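K.L.:
Structure provided below as structure tokens; questions to follow.
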Amino acid sequence: MTRLSLGKHGKAMEFLQPTTLAEAIEAKAAHPGAVPIAGGTDVMVEINFDMRRPGALLDLTRVPELTCWEQASGDGVVRLGAGVTYARLIAELGGLLPGLAMAARTVGSPQIRNRGTIGGNLGAASPAGDCHPVLLAAGAAVQAASVRGTRLIPVAEFFLAPKRNALHSDELITSVLVPRARGPQQFAKIGTRNAMVIAVCAFALELRPARVGSGDEGSVGTGIGSAGPTPLRAPAAEEFLAGVLADAGLWESAGPLPDPVLRRFAELAAAAARPIDDVRGTAAYRRHALAVLARRTLAWAWDSYRAGRGASRCG
Amino acid sequence: MSILGTRVLRTEDPRFLTAGGVYTADVALPGACHVQFVRSAVAHARIRAVDVSAALQAPGVIAAFTGADLGGLPLPSPVSRRISAEMAQPLLARDVVRYVGEPLAVVVTDAAYQGEDAADLVDVDHQMLPAVIDPEQAAAGASGLLFPGAGSNIAATFGDAAGLRPDLFDGCDVVVSRTIVNQRVAPAPMEARAAAATWDPGGRLTAWIPNQGAQDTRAALAAMLGIDPAQVRVITPDVGGAFGAKFGADPEHALVCWVARRLGRPARWAETRAENLVAMTHGRAQRQTVTIGGSRDGTVAAYRLEILQDAGAYPRFGAVLPAATILMAPGPYAFGRVEAVARSVVTNTTPVGAYRGAGRPEATAAVERAIDLFAAEIVMDPAEVRRKNLLPRFTEPHTTAFGAVYDSGDYPAALAKVLDAAGYSGLRDEQARRRAAGGAVQLGIGLSCYVEITGPGVEAGGPSENATVEIHPDGSATILTGTSPHGQGHATVWAMLASEELGIPLGEITMKWGDTDLVPEGGGTGGSRSLQQGGAAVQQAARELVSLARQRAARQLEASPADLVFDAGRSAFAVAGDPDISVPLTALAASERLAVRTVFRAPGPTFPFGAHLAVVEVDTETGKAVLRRVVTVDDAGTVINPTLAEGQRHGGIAQGAAQAFLEEFSYDADGNPLTTTFADYAFVSATEMPSFELADMATPTRYNPLGAKGIGEAATIGATPAVQNAIVDALAHLGVRHVDMPASPQRIWEALQAASVAGRAQQPQT
């Protein structure tokens, strides 16, 4: 492992550069205050603005284990290395994880998408992180590793407060386990301009259709971004929609969703938000916009479900 | 064939695109120390003490200074005689800080990063004072005075507010009045501010500063340093954009020079983006009350504009910009009666300066919104209302009620052309279809007609500019100009103008500018003046040079000057009828220095005009507006290089449109800036812009031989109200009459909410 001491005059910053995952985990144990850095799209901004001065940076870009992704056999889960960039989510995972690819397309600029990683997005734990709503909707889990072993943290339990996550000081994010899409996924966000901006609010939706004969009655996943102290789910909206779809036999019939269902889903999604007023938007606007995004993403997702069913019937 | 009017590619670009420019931060200055400014973190406070002792102990710190160390320096004199000397900004705050970002100390270090750290160690003991942020409250003075010695927060007034006619709107069928906001924006040039300075043993200063006119910068530096301008040499490196905010010099520039003198060592400074956003002057920042009245046939009888200008904490150029807004208040319209008055007030915010258009965009925004408010009230197509009220075509200068002398114009033709180019009636049909269908995404069509003033100048005898053209024995030529390009492409166009007269290829012509030892006089670049005065001077100098050369050639050839013909193809004089007897300019230059310096004087400013049409789609559910089309006519007289003129129009449209729906620099109630990075300040990017549709129209001016008017700011002026009007128009059928800028998704949603509530309230109870 390379170690560099940067800075001068007693304000040294250690720069730890492990080349294997084992080294990285050991380094984190030895330097629990070290801030992991991958693309640097969050960490370097904070350092440049002198919002934080970590005693050590732990550079993870030379750890090959972190940059891979694989489709674990059988269980339909995709394991994404923490170092997979937004650009690769778009280029390589649009088929398996379309919602994540959609969210990645809305991140920053091409330069940011080439540098920024899913692990970094999670680690920063910003309420506005673009991947978070999708991971919440998908029911993903964060794999954390330390010298003490590994553990899985459900994404819904990962975000504790603005910029605070559930990692222990000796832990690193090694991968994210995301169930592969088995139904339509959608992601939408509103910002003050099209790119290079922090979202005013964002919403992600996943439909998991019922499986005939399996006893699986289908389910719904949601995720809300930029409208609360952490990324949030909207459990009441999920239960309401899953109930309607099952009770009315809509999974099977693939009939149109009645407008009151769309509106009620939107209301429940907006009610789950805990927005504040800030320079980017008022709480009232955020709640309203979330309702619009929830209704639209549901309409789009249901349209694509119906189209898929139609296609299979024709085929 | 003439090279003028052709699409010559910018000769500047190969260097910018390959080797890169040499900006002030790139200028080599061995041994230079770095100046770091310690800026106020609070908007308004009495300074009890500034303690630099801890900073002095920090690594790399050479020195630290506070306002108390600057005792020998004069206070800058006010920007105008209207302004109280009490409101002068000391180079470093002395007893009171008045905005977040105001310099209050400097730390000087070996390396730039050391200064950033050491600045944090400067301890400022504050006694907080109430922040005055809202200009209305500032004007009332109830929440406190920034300068108690001045007795008021009102820095200047324009026009006679007490003399406004109570009967101005008598006889009008319809009168509409509304207060609208022309919000504060940040110039945000690609290159932020910088300076590098060194003094020679004789006590003469050389300062490298990115600026818009080295001569003006020299005068400003000399005044702030209390020295003779002859003791100052300003050199202008490449400049990465200015937009009006790099004219003259700021306190920081003078302080870098002062530090270099005090320490006997070169000094330099280059600010960060975060520093730039709070400490470079801002632009616009007017609150306007428009009142418009007329008859239901669409004729406007009277218009009144009342301006409240937020000048920021210290009156700079922005404090006097309302004068330009008032001058252009009626725009291109033949209103029967017009009144305009203004007050400039100081607030605890960043000082306001010039910003692309500087006072004229504010005038256009006000009158174009007023026209649309009036059109909505009488339920008439806004294009028709404009058509009915535009001044008819004129070829002799037209003097307005405010004393502006419009040189030439055909405003109805510009409007007709833009409507035709955009397919106006088809757009209205599409809008009607969408309204009938009732979908979430509605279409809006916005218009603006404008006329603006360019190249005003303040010189006795009319606006002027100088140029020198010299031909060298090797066949090359040098142009010296008093203009100051910072992206405009003068090197290309000035060479085209000289080449046209002299027959010297573009590649052999070098343009020099921005070094006050080389070009001691000049008006710089701003107010869209450069081509019509600086370019005209180059043409005039080249023509005078040919005359001079003709005299000398006649002597050499022992012929009468009248018998010689100048063959630009060969750059040579020949005897008429005997082309073999000739003498080239190079030979003349070899025998005696061949150079002419001349001053071009214009009879007055010119008034470019045009019409813009914007098409937006507004999502009435999220409130998001998307700009779909911008079609413009920007008539700036004769165009010398269409590619460069179009570049100015493109940039202008983007910058103007950005004000309509994206950009705003904002503060909280305590005066803390809220938009201090580009993540929060929604600086426009290419993805928000459609491809622009530019229609051509050229009405030459007689005020210079080129026939050229200014094009640098025109499209900014036209675009803002066109886009804002389009956004309001998309929502008109839902009862919305106005949305303040920037029309963000939230603002549009709020306007729809308010209209919906108002609409329900108006419905009869059943």
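Each value in this text was obtained by applying a stated rule to the coordinates, not by laboratory testing. Values in this document were obtained by computation on a predicted structure and should not be read as measured data. Reconstructed Cβ throughout: ideal geometry from the backbone, glycine too, with neighbour counts over all protein chains shown.
K.L.:
For chain B, what class follows from the C-alpha gyration tensor (a ≥ b ≥ c being the square roots of its eigenvalues): rounded when a/c is under 1.5, otherwise prolate if a/b is larger than b/c, else oblate?
P.N.:
Oblate is the answer for chain B, as a/c is 1.5 or above yet b/c matches or exceeds a/b.
K.L.:
Where does chain B land at 222 nm, in deg cm²/dmol rounded to the nearest 500, when only DSSP H runs of n ≥ 4 count, each adding -39500 (n - 2.57), divided by all residues?
P.N.:
Helix-only estimate at 222 nm: -8500 deg cm²/dmol.
K.L.:
Label 7 Å along Cα→Cβ of B:A223; region B:77-95 residues with amide nitrogen under 17 Å?
P.N.:
Only B:77-92 fall inside the zone, counting backbone N under 17 Å.
K.L.:
Dipole magnitude of region B:437-546 about its Cα centre, charges +1 at Lys/Arg Cβ and -1 at Asp/Glu Cβ only, in debye to the nearest 20?
P.N.:
It works out to roughly 420 debye.
K.L.:
Cut-off 19 Å, label point 7 angstrom out along Cα-to-Cβ of A:A161: give me the residues of region A:125-152 whose amide nitrogen falls inside.
P.N.:
A:125-129
K.L.:
Between A:D303 and B:E521, what's the calculated FRET efficiency when r is the beta-carbon distance and R0 is 45 Å? Round to 0.05.
P.N.:
0.05
K.L.:
Return the whole-Å distance between the Cα centroid of region B:689-729 and the Cα centroid of region B:112-146.
P.N.:
40
K.L.:
Let me ask something else about it. Along the charge dipole of region B:418-547, Cβ charges K/R +1 and D/E -1, which of B:S499, B:H486, B:I471 sits furthest on the positive end?
P.N.:
B:H486
K.L.:
Arrange B:T638, B:T347 by Cβ neighbour counts within 10 Å, fewest through most, would you?
P.N.:
B:T638, B:T347
K.L.:
Next question. Indicate the gyration tensor shape class of chain A (rounded, prolate or oblate), computed on the Cα atoms with a ≥ b ≥ c the square roots of the eigenvalues: a/c under 1.5 is rounded; otherwise a/b larger than b/c is prolate and the rest oblate.
P.N.:
Prolate, since a/c reaches 1.5 and a/b exceeds b/c.
K.L.:
Right, something else. Which parts of region B:265-286 would a label at B:S80 reach, counting a residue when its backbone N lies under 19 Å from a point 7 Å out along Cα-to-Cβ?
P.N.:
B:281-286
K.L.:
Next up: Students often check this: by mean Cβ neighbours within 10 Å, which of B:740-748, B:426-434 ranks highest, and how do the rest follow?
P.N.:
Packing proxy ranking, top to bottom: B:740-748, B:426-434.
K.L.:
Rounded to the nearest 0.05, what FRET efficiency do B:V441 and B:E693 have when you use their Cβ-Cβ distance and R0 = 35 Å?
P.N.:
The pair B:V441/B:E693 has a calculated efficiency of 0.95.
K.L.:
At 7 Å along the Cα-to-beta-carbon direction for both B:V599 and A:V77, put a label point, then send me their distance in nm to one decimal.
P.N.:
8.3
K.L.:
Let me ask something additional. Shielding of A:41-48 by partners, i.e. mean partner chain Cβ atoms within 10 Å per residue?
P.N.:
Partner-chain Cβ atoms within 10 Å, mean over residues of A:41-48: 1.
K.L.:
Expected output is a single nm value to one decimal: the length gained when fully extending between B:D26 and B:R296, i.e. 0.36 nm times separation in residues minus the C-alpha distance. What is it?
P.N.:
Stretched out fully, the B:D26 to B:R296 stretch lengthens by 91.0 nm.
K.L.:
From the Cα gyration tensor of region B:457-601, with a ≥ b ≥ c the square roots of its eigenvalues, which class applies: rounded if a/c is under 1.5, or else prolate if a/b is larger than b/c, or else oblate?
P.N.:
Here region B:457-601 falls in the prolate category.
K.L.:
Report the label-to-label distance for A:D278 and B:T395 in nanometres (one decimal), using points 7 Å from each Cα along the Cα→Cβ vector.
P.N.:
Inter-label distance under the simple model: 6.3 nm.
K.L.:
Could you tell me the center-to-center distance, by alpha carbons, between region A:1-80 and region B:463-519 in angstrom?
P.N.:
Cα centroid of region A:1-80 versus Cα centroid of region B:463-519: 55 Å apart.
K.L.:
If you find the alpha carbon centre of region B:536-583 and of region B:11-74, how far apart are they in angstrom?
P.N.:
First find each Cα centre; the distance between them is then 54 Å.
K.L.:
Would you mind calculating the gained length between B:T510 and B:Q231 on full extension (0.36 nm times residue separation, minus the Cα-Cα distance), in nm to one decimal?
P.N.:
97.7 nm
K.L.:
Using unit Cβ charges (K, R positive; D, E negative) and no other charged atoms, how large, in debye to the nearest 20, is the dipole of the protein assembly as shown about its Cα centre?
P.N.:
Charge dipole of the protein assembly as shown: 1340 debye, to the nearest 20.
K.L.:
Given the convex hull over the Cα atoms of region A:185-314, what projected area results after averaging over all orientations, in nm²?
P.N.:
Its average projected convex-hull area is 8.6 nm².
K.L.:
With all distinct Cα pairs included, what does the Kirkwood hydrodynamic radius of the protein assembly as shown come out to in Å, to one decimal, could you say?
P.N.:
Taking every pair of different Cα atoms in the protein assembly as shown, averaging 1/r and inverting gives 32.3 Å.
K.L.:
Take peptide B:152-159, look around each residue's Cβ out to 10 angstrom, count Cβ atoms belonging to other protein chains, and average those counts.
P.N.:
Shielding by partners across B:152-159 averages 0.
K.L.:
Related question: By counting other Cβ atoms within 10 Å of each Cβ, how are B:E102, B:E664, B:E452, B:E750 ranked from fewest to most?
P.N.:
Ordered by Cβ neighbours within 10 Å, fewest first: B:E750, B:E664, B:E102, B:E452.
K.L.:
Now for a separate question. Over all directions, average the projected area of the Cα convex hull of region A:56-154 and note it in nm².
P.N.:
7.2
K.L.:
Right, next: Residue by residue through A:195-208, how many Cβ atoms from other chains fall within 10 Å of the Cβ on average?
P.N.:
2
K.L.:
So, one more: Using mean Cβ contacts within 10 Å as the protection proxy, how do B:155-163, A:121-129, B:640-648 order, highest first?
P.N.:
A:121-129, B:640-648, B:155-163
K.L.:
Which value results when the Cα radius of gyration for region B:27-153 is divided by 2.2 N^0.38 Å?
P.N.:
Dividing the Cα radius of gyration by 2.2 N^0.38 Å gives 1.20.
K.L.:
Right, next: Using a Förster distance of 51 angstrom, determine the FRET efficiency expected from the C-beta separation of B:S425 and B:D170, and round it to 0.05.
P.N.:
Rounded to the nearest 0.05, the efficiency is 0.90.
K.L.:
Could you work out [θ]222 nm for chain A from helices alone, using -39500 (n - 2.57) per DSSP H run of at least four and dividing by all its residues? Round to the nearest 500 deg cm²/dmol.
P.N.:
About -11000 deg cm²/dmol.
K.L.:
Neighbouring Cβ atoms within 10 Å as the yardstick, rank B:C33, B:C257 fewest first.
P.N.:
By the 10 Å Cβ count, ascending: B:C33, B:C257.
K.L.:
Just grab the label-to-label distance for A:A30 and B:D69, each label 7 Å out from Cα along the Cβ direction, in nm (one decimal).
P.N.:
Taking the simple label geometry, A:A30 and B:D69 are separated by 4.4 nm.
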